[in-house]
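Take a look at the structure below.
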Amino acid sequence: MPKYVAFLRAINVGGHIVKMDHLRTLFEALGLSNVETFIASGNVIFDSSSKNTRTLERKIESLLEETLGYRVDTFIRSTSELEKIAQYKPFDDSELEADGNVLYVAFTSAEPSMESKKKLKTCITEVDDFLVYGREVYCLSRKKIGESKFTNALLERTLGMPATVRNVNTVQRLVAKYC
């Protein structure tokens, strides 16, 4: 049975506090099995016989909105997709390893359009850099994230679609544990 990771937006931020055991119970109520959570930021790992991740995303979003009372955008990746995401090198090693630089991965539901990619290029600064690869946007912050002017909300407005962001270290830890 395929193993998936659901990246949930708006979990345990902005006053939306959700206990991980409650989140696991909700996923199990959908018939998903071997449900686990990974750190309390909306990463849920599960097995499902379904091959249609868009349908799974919609079912999860619907149940979470009904239960939690607010929209929770959901982005599902198979563990094999996640492995490729973690291995992808969007920038030179010198950039990735430079002191103070941090790499983030933004998950979206579809590949951003050419127009969105062009808009994103206008947001590149000496602090922030971006590279779109498939449904992921790799965000390099050349200083601490607090010094960056770029936010998840700005990323979503620029792309014209919802996204959720994770530190690449979180993605690599998920891969190490589940792939």
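The values are calculated or read from the model by the stated rules, or taken from the named source; none is laboratory data. These figures come from a predicted structure and were not determined experimentally. Note that each Cβ is placed from the backbone with ideal geometry, even for glycine, and that neighbours are counted across all protein chains shown.
Looking across Val35, Val72, one residue alone is over 25 Å from Ala176 (Cα atoms) and of a type outside the set (Asp, Glu). It is Val72.
If the condition is being of a type in the set (Lys, Arg), surrounded by 13 or more Cβ atoms within 10 Å (Cβ to Cβ) and free of Cβ contacts under 8 Å to residues at least 12 places away in the same chain, then the range 56-110 contributes only Lys84.
Here Glu95 meets the list (1) in the same structural domain as Val168 (by TED's automatic domain parsing); (2) of a type in the set (D, E, K, R); (3) in contact with a helix residue (DSSP H, G or I) (Cβ under 9 Å, 6 or more places away or on another chain) almost entirely, failing just condition (3). One residue stands out in the range 152-173 among those that are free of Cβ contacts under 8 Å to residues at least 40 places away in the same chain and closer than 21 Å to Ser113 by Cβ: the one that is surrounded by the fewest Cβ atoms within 10 Å (Cβ to Cβ), namely Ala153.
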